[in-house]
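Let me begin by presenting the structure, written as structure tokens, before commenting on it.
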Amino acid sequence: MEGLVRLVDRLAERYGVSYYEVRLIRVTSSHVSMQNGRPEELGTNTETGIGVRAFNGAWGFSSANDMGRAEKAVETAMKIAKLSEGNSRIHLGDPVVEEVEIRPKKSFLDVNIGDKLALVKEVDSLLRGGGISSRSVGYGDGLEEVLYFNSLGSEIRTVVPRVRLGFSVTAGKNGVMQSYWKSFGGTAGWELVERIDLNHWTALVREKAISLLHARAPPSGEFDVIMDPELTGVFIHEALGHAAEADSVKNGESILAGRVGERIASEELTVVDDPTLPGGFGSYIYDDEGIRGKRVEIIRDGVLVGYLNDRETSALLDLEPNGHGRAQSYAHQPLVRMSNTYVEPRDWNFEEMVEEVKNGLYMIGDKGGEVDTASGTFTFGAREGYIIEKGEIRDHVRDVALSGKILDVLRNVRAVGNDLRIEFPGYCGKGQWVPVDDGGPHVLTRALVGGLR
Amino acid sequence: MIDELIGILERENVEWELYWERGRSGSFRIERETLERSQRKFYSGIGLRVGYLGKLGFSYVTGLNHEREALEEFVKRTIKLARVSEVPFPGFPTPSKVPHVKGLYDRRIESIPFEEAHAMARDFSLRMRELKDDSLTLSGSITLAVDHYGVVNSNGVRLEGKGTWMSLGAYAVKKGDGTGSGSYYQGYRSLQPFEEFENAIQRAISEAELSYRAGRLEPHSGEILLEPEAFRAVLGVFLENLSGESVYHRRSRFSEPGEEVAPGELVILDDATLPEGTGSFSFDGEGNPGERTVLVENGMVSSFLLDETYARLLGMESTGNAARDFRTVPHIGTSNVVVEPGKDDLEGFEGIIIKKVFGEHTANPVSGDFSLTVGLGYAVRNGEVVPFRDNMLAGNVFDFLRSIAAIGNRLERRGSFYSPRVLGVARLV
């Protein structure tokens, strides 16, 4: 290790590099999956790699997964930085020397792979039932050990465990098919899996898929929409989170550029991104630039108050660094990313919210989303929904995607519930995939519903 | 080292398969017309599948330089996994003749000095500066990559290949009273002349100009013309139903080929043998030959996409669609998807045309229902072009395919997707 630091220092000097950082990462993971009672995958692997970034007004990066090429990767990053000679600035700050760990109650490394397979089999058998034509279960865990050091003298060792269990079913009848699924995950150990009430959730997933066979296609047009906590999560991730990532602000690609201090949303709305949330699937201690992850208020009472930033955007926009530079792996450069993003609760209860809606929809469950941060349009899918007429919940509807203009939908938030939940793990893609979580309470707003009626 | 590993495996009483890779990529990211991030990555590794008493084990190692002891341990660990895995082992492919596919490798990409590639990216950024005006912000990316790979198994399959790739992307944002955005992406197998860079910037700018003028269009139900990029999103929902895995696990609309899905004119292929195709290959991730597979013809589903496992489970032949890297076991993927051109001249079409949509992962492949946000479309009436965006395109993919009224006669390629314009019935919300 000391030899590597000396080598990197020497090369940085030789190539005139003003700043560098090195990440040595080892991930020990296991994965078990099963479809219709047939085991599909079962494996345990350990992968080690190095990622090196060097800065000379622009970034040079190199990575390798063959540690015999580590020195070559270091030199390549330095050479590229020397070649680049850009004009950008980055936040430097004081060196950090720390060893920190997210400690699970029960490490999944101590759990036999046979027990993981037994869990998957148990879930599969619980998903069996009349009307279900297909079942799928996947379990995965990974312990990420990172040694980070940079030219400032930082040396940070972190250990973060992450575990995930997901299952889905497809129901079919008379040529109609519908699916439903549920995922659990967090920065935790095997105890997360042990706490799941599998009987409850597998029954719910089965019942929902079967019930959706009889659901109607949704209507189309602009409607009042109540989102459940899970859908609120994907909504706020797509509609606000991506536009608040400061690299999109820097690159002229965000509708929120230059708007800090401005009221951009309903006063009901306060939105937070918090990597320090205990156990959150998107949680971490230090980001991939060696900066401690901090809780960030993006919107407070409707006013835009913060962006998520990295070393580069915090220097450019003169912001306090908040540790949101995240990379998918040692082979990826950090980008500004979300962690656990959520809407803070207010005092509405769900029944009051429903009474508010004369003609609208109650939409439930996340099917993912996408956003064009420059044009300010986003889309997000719900797994199911119900028509609301004159304050009463009525027909079940299926296959619904919603769309809206970011600022319109944020301003149209009329009610924010008191029932906060942040427990909807997933992966966010932005050229790279990183684990995130999101959520919120029930939220009432207005959006365009792309239904078939 | 692969030979050494084979030697170790041949001593064991198991069936085995090695998939190895070694490659590198160089990529460049331009932000606000400035080359901000340049990178060069090296990777290599070996994936090992072992069949033992009817069960399958899989694990991988990174790097291609390991001591004997590490290789012995790798083999031992994988056999141990096969013992406990309970994953049924369907068997590996046997050797068969693989096609020679032209144009998959360009020596110029493998041998280009990094400095030269860096200079090319800088020229790309300088051209952006020349083409921009005060209302525009431009960004872009270039990637150059080379990959050497091979499959070896205990049935006698011994195959090696190499490929090169280049990708080019440009993104434009126009700001004024409002905002518009435009993008262009293309993939190639060979090093491209500067005209392609220029073309990428121009196309992103012209799309941003259209997008800037676009508002929402009145709702419409009826004929809508989909340009290739929009049709790709809709067709993707359908193609999930043709995966042998979906069929076997009863998550597909189809249980066997032969079902009528579209007018006779529609022909959809998966073709791994297209010269210079970014999705082309001589052999797939298990060593089966790359093939030209007709998926839809004469209005009917004529084949599914199959790897060795699901072909055997369904009692069919592999179509050479096992996609993988060394970290993964094979899974079913497409190679190049080709919608064959029709006989209609849709270039002068007047009506509603959709160029881009997004959000296709929110669609439901088993029901076929989709509602996608329109990134950019335009209505042409009496020669006048009125751009629009932010509507939703809603429909059902099975209904849309059945409703196809015309297929354009001009094929366009975007990456590994080839398609003409397609006219069908859907709803604009």
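At the residue level, B:M316 shows approximately 60 square angstrom of accessible surface with a 1.4 angstrom probe and all protein chains present.
If we count every other residue with Cβ under 15 angstrom of B:I407's Cβ, Lys/Arg +1 and Asp/Glu -1, where does the sum land?
Details: positive: B:R232, B:K343, B:R402, B:R410, B:R421; negative: B:E223, B:E227, B:E265, B:E297, B:E340, B:D344, B:D345, B:E347, B:E412.
With Lys, Arg at +1 and Asp, Glu at -1, the neighbours total -4.
Amide H contacts for B:E276 (H built 1.01 Å from N in the peptide plane; partners 5 or more residues away or on another chain; cut-off under 5 Å): B:K102, B:G103, B:L104.
Size descriptors for the range B:215-428, from the alpha-carbon set: Rg then Dmax equal 17.5, 56 Å. Kirkwood radius and radius of gyration were both taken over the C-alpha atoms of the range B:1-211, and their ratio Rg/Rh is 1.15.
Value of Rg to Rh for the protein assembly as shown, rounded to two decimals, is 0.94; Kirkwood radius and Rg both from alpha-carbon coordinates.
Go through the range B:321-396 and name the chymotrypsin sites (Phe, Trp or Tyr not before Pro) that are in a DSSP coil and have 16 or fewer other Cβ atoms within 10 Å of their Cβ. Working shown, then result.
Working: sites: B:F326, B:F349, B:F358, B:F370, B:Y378, B:F388; in loops: B:F326, B:F349.
Those satisfying the criteria are B:F349.
Restriction of the GluC sites (Glu not before Pro) in the range B:286-324 to DSSP coil positions whose beta-carbon has at most 16 other beta-carbons within 10 angstrom yields B:E317.
Leaving out ligands and nucleic acids, note down the accessible area per residue over the range A:1-213 with a 1.4 angstrom probe, in whole Å². Intermediate values should be presented prior to the final figure.
Working: 8720 Å² over 213 residues.
Accessible area per residue: 41 Å².
Show B:S211, A:S107 ordered by accessible area, largest first, where the area counts protein heavy atoms only and the probe is 1.4 Å. Kindly include the intermediate steps, with their values, before the conclusion.
Details: B:S211 0, A:S107 35 Å².
Largest accessible area first, the list is A:S107, B:S211.
Accessible surface for B:D399 stands near 80 Å², nearest 10, in the context of the full protein assembly shown (1.4 Å probe).
The simple Förster model, with R0 at 60 Å and r as the Cβ-Cβ distance, assigns B:E259 and A:R263 a FRET efficiency of 0.65. Surface composition of chain B: carbon plus sulfur atoms contribute 46% of the solvent-accessible area (1.4 Å probe, protein chains only, all chains present). For the range A:1-213, the Kirkwood radius over C-alpha pairs fed into Stokes-Einstein at 4 °C and 1.567 mPa s yields D = 64 µm² per second. Measuring between their Cα centroids, the range B:278-300 and the range A:76-132 lie 35 Å from each other. Given a 1.4 Å probe and the protein chains as shown, A:V436 ends up with an accessible area of around 10 Å². As an equivalent ellipsoid, chain A spans semi-axes of 40, 29, 17 angstrom, where each value is the square root of five times an eigenvalue of the C-alpha gyration tensor, largest first. Each residue of the range A:295-312 is assigned a 3J(HN,Hα), and the resulting list reads 5, 10, 7, 8, 10, 10, 6, x, 9, 6, 10, x, 10, 8, 9, 10, 4, 6 Hz, derived from the Karplus form 6.51 cos²θ - 1.76 cosθ + 1.60 (θ = phi - 60°), x at Gly and Pro. Contact residues in the range B:29-53 (at least 40 Å² less accessible area with all protein chains than alone, 1.4 Å probe): B:E31, B:R32, B:E36, B:R37, B:S38, B:Q39, B:R40, B:K41, B:F42. Taking each of B:K55/B:K97; B:K132/B:K355; A:K182/A:K358; A:K367/B:K55; A:K79/B:K174 in turn, the alpha-carbon distance tops 25 angstrom for B:K55/B:K97; A:K182/A:K358; A:K367/B:K55; A:K79/B:K174.
Among the trypsin sites (Lys or Arg not before Pro) within the range A:173-214, which fall in a DSSP loop and have no more than 15 other Cβ atoms within 10 Å of their own Cβ?
Values: sites: A:K173, A:K182, A:R195, A:R206, A:K208; in loops: A:R195.
Listed in order of number, the matching sites are A:R195.
The residues neighbouring A:I25, those whose beta-carbon lies less than 10 Å from its own, together hold a net charge of -2 under the Lys/Arg +1, Asp/Glu -1 convention. Calculate the tail of P(r) for the range B:176-241: the fraction of all Cα-Cα distances greater than 15 Å, expressed in %. When all Cα pairs of the range B:176-241 are counted, 71 percent exceed 15 Å. Within straight-line reach of A:K121, meaning a Cα separation under 12 Å, sit the following aspartates and glutamates at least 8 residues removed in sequence or on another chain: A:E40, B:E86. If you run the Gaussian network model on chain B, springs between alpha carbon atoms under 10 Å, then out of B:S85, B:S280, B:S255 the most flexible one is B:S85.
Can you quote the Å³ per residue value for the convex hull of the Cα atoms in the range B:62-138, rounded to an integer? Write down the numbers at each step before the final one.
Working: hull volume 23.1 nm³, N = 77.
Hull volume over Cα atoms, normalised by residue count, gives 300 Å³.
The values are calculated or read from the model by the stated rules, or taken from the named source; none is laboratory data. Quantities reported herein were computed from a predicted structural model and do not represent experimental measurements. Every residue, glycine among them, receives a Cβ derived from its backbone with ideal geometry; neighbour counts consider all protein chains shown. The accessibility values were calculated without ligands, DNA or RNA, using every heavy atom of the protein model including side chains. Shrake-Rupley method; radii C 1.70, N 1.55, O 1.52, S 1.80 Å.
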